[in-house]
Each structure stands twice: as C-alpha cells, then as structure tokens.
Amino acid sequence: MVEIPARTSPPIDRTAIVSRPSRFAPYRAVLASRLRAQRSYPLSFTTDVFSAFLIGLVEFAEMWVIFHNVPRLGGLDLDAMLLLFGMSNTSFAVADMLVGHADTLPTYIRMGKLDAFYLRPQPLLLQLMTSDIALRRVARIAVAGTVLGFGLARNDIDWSAAHLALFAITLGAGVAIFAGLFVTAAGVQFFLIDGSELTNAFTYGGSYASMQPTSVFPTPMKLVFAFLIPVAFSSYLPAIALLGLPGPALLPNWLAWASPLAALWVWVLAMYSWRLGTRHYQGGGG
C-alpha cells in the first residue's frame, strides 16, 4: 500500500504582505507637497510670513489707537479689549489656516481643477480643505496668541474650573464658527462664481465684527452677530462672562456657554449651503 503524503500549504511570503495605507494618507501627501513647495522659495515664503505678521499688527494697532483715545468702549476698557481681540483673532486665524483657502473655490471652478476632485474617491469638501495650507498664516496666529496672552495676564480673572472650561470651549467653538462660515461661503460660490466679495463680507467681515464689543452695535446688528452670524460667541460673550460683566440687553453673559450651539447652527448652515452648491454644479465646461 502506497502512503500518500499529506498536503501542506505553501509558505506565506510575509514580505509580500503590504499594509493598507490609511484613508488619510492621500490628504497627508497633498499637504506635505504643499509644504515642500513653500519651503522651496525661501524669499517668497519669508515675504509672505512678514506680510501676514504686518496684517495682524495693523489690526491690533487699529484697536489700540481707539482705546488710546477713549477709556471705555461698549463697557470694556483696554485690558478687556485685549482679551476680546485675542480670543477672536486666535479663533479666526486658526480657522483661516485650516479652511481659509476654501475661498479659492471660484478659481478652481474656472480652471477646471474642481472637476479633477470629482474623479477622486474622496469627499469633495475634505479634498478642498486639504488641497492647500498657507504657512504664512502661522504669523497671524502668533500675533493673535501673543495678544491673547497679554489679555489673560492683564485681567483679574477668577480661574475657577468653570472659567477654564468656558475658555477652552470658547476657543474650540470659535474655530468651528469661523470654519463653518468659510464653508458656507464656499457653497454659495457655486452660484456666484465671481461674487467672492459678497461672501467675504460675512467671513472676513464677521471676523472684524467679532473684534468689536457687540454692545456698541444697534439692536438689529446685535441680533445679526449674536444669532444669525453668531461671531459674538467667539469673543464678546465669553469675554464678559470671564470678566464677570453683566452684558447688555438681549446678550446676558450666561449666553457664553451656548457657544457650541452657535457653532452647531453655523455648521448646519454650512452643510446645507455646501449640499445645495454641489448639487447645482454641472462642471467647469473645460
């Protein structure tokens, strides 16, 4: 009787096993290429960083000049304004660095670049958000962070656990609010194409409004910047809450705790605007 040898499985070549790349690997590759491109031209990069630094300084100088001539504005003195300006500008500068290039969407549409995004198996909005990153905006974050540090140091804030939580929630919600405004504006760009100035009035204009005490605005403007484009939740309301100030009519300081709801409201608008825009888009025609 002939003995039949048992069948054995062929050995596994483990070197042939290639781990699957992370789903975020394409985004990291695109961002890394953008960073390498900016470092390839050091003079241009230095000029961009210096110009962004000057923009931050000019915005701060404007606020300082106003409070150098008036002791209080909207119930806030210079020290309180440092806190308000720092929180507003830090949140906006971070959102601008992460999502700010979404305002280049009309250029992408005209050049046909957006059609290339549709061919890739990744979400369109995520591709747009990671399509570029401008390191020069770090300079503006540095200016805003420095002013915020001065504001925290010069104001007598009772740093209880509640106030620490409110400060952290405010910075996170502020970044989310401004990022949502950029996405909302990008969605509208599908209809306007060359009307970026109109949407900039809400994004960059909203940032400028958040650097002012909301209490100085007339009542209709208070309602706009508190509940329609709720940039007051990124700076003014948290500032008066941290300082223990009561706030004007319609804007009591306890509303500062509702900043996550304000960010949620902005992102509901952003997703609705983006969905309408992408459904309206029929191609660049190129």
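The values are calculated or read from the model by the stated rules, or taken from the named source; none is laboratory data. All values derive from a computational prediction rather than experimental measurement. Note that we place each Cβ from the backbone using ideal geometry, even for glycine, and neighbour counts take in every protein chain shown. All accessible areas refer to the heavy atoms of the entire protein, side chains included, with ligands and DNA or RNA removed. Shrake-Rupley method; radii C 1.70, N 1.55, O 1.52, S 1.80 Å.
Before moving on, here are some points about what is shown:
- Charging the Cβ of each Asp and Glu at -1 and of each Lys and Arg at +1, and nothing else, the dipole of the chain about its Cα centre rounds to 900 debye.
- In the chain, helices alone account for a calculated mean residue ellipticity at 222 nm of -21500 deg cm²/dmol, with every DSSP H run of four or more residues adding -39,500 (n - 2.57).
- Net length available on complete extension from S33 to L135 is 35.5 nm, with 0.36 nm assigned per residue and the Cα-Cα distance removed.
- The three principal axes of the C-alpha atoms in the stretch 220-286 carry coordinate ranges of 57, 23, 16 Å, sorted with the longest axis first.
- The stretch 229-286 and the stretch 177-206: distance between their alpha carbon centers, rounded to Å: 14 Å
- The chain: DSSP helices with Cα axial extent of at least 24 Å and average Kyte-Doolittle hydropathy no lower than -1.0: 42-69, 78-99, 137-154, 161-192, 259-280
- Summing charges over neighbours of L148, with a neighbour being any other residue whose Cβ is under 13 Å away from its Cβ, gives +1 when K and R count +1 and D and E count -1.
- Debye log10 I(q)/I(0) at q = 0.18, 0.25 Å⁻¹ for the stretch 95-171, Cα point scatterers: -0.83, -1.15
- Per residue, the convex hull spanned by the Cα atoms of the stretch 128-175 amounts to 79 cubic angstrom.
- Cα-based Kirkwood hydrodynamic radius, the chain, one decimal, Å: 21.2 Å
- The label point for H68 and the one for M111, both projected 7 Å from the Cα toward the Cβ, are 4.1 nm apart.
- Segment A258-L54, length gained on full extension (0.36 nm per residue, minus Cα span): 70.1 nm
- Our Cα-only numbers for the stretch 123-242 put the radius of gyration and Dmax at 16.3, 49 Å.
- The calculated FRET efficiency for M221 paired with R279, based on their beta-carbon distance and R0 = 45 Å, is about 0.85.
- Residue of L128, L119, L166 that the Gaussian network model of the chain assigns the largest fluctuation, springs spanning Cα pairs under 10 Å: L119
- Using a probe of 1.4 Å on the protein chains alone, the accessible area found for D156 is around 150 Å².
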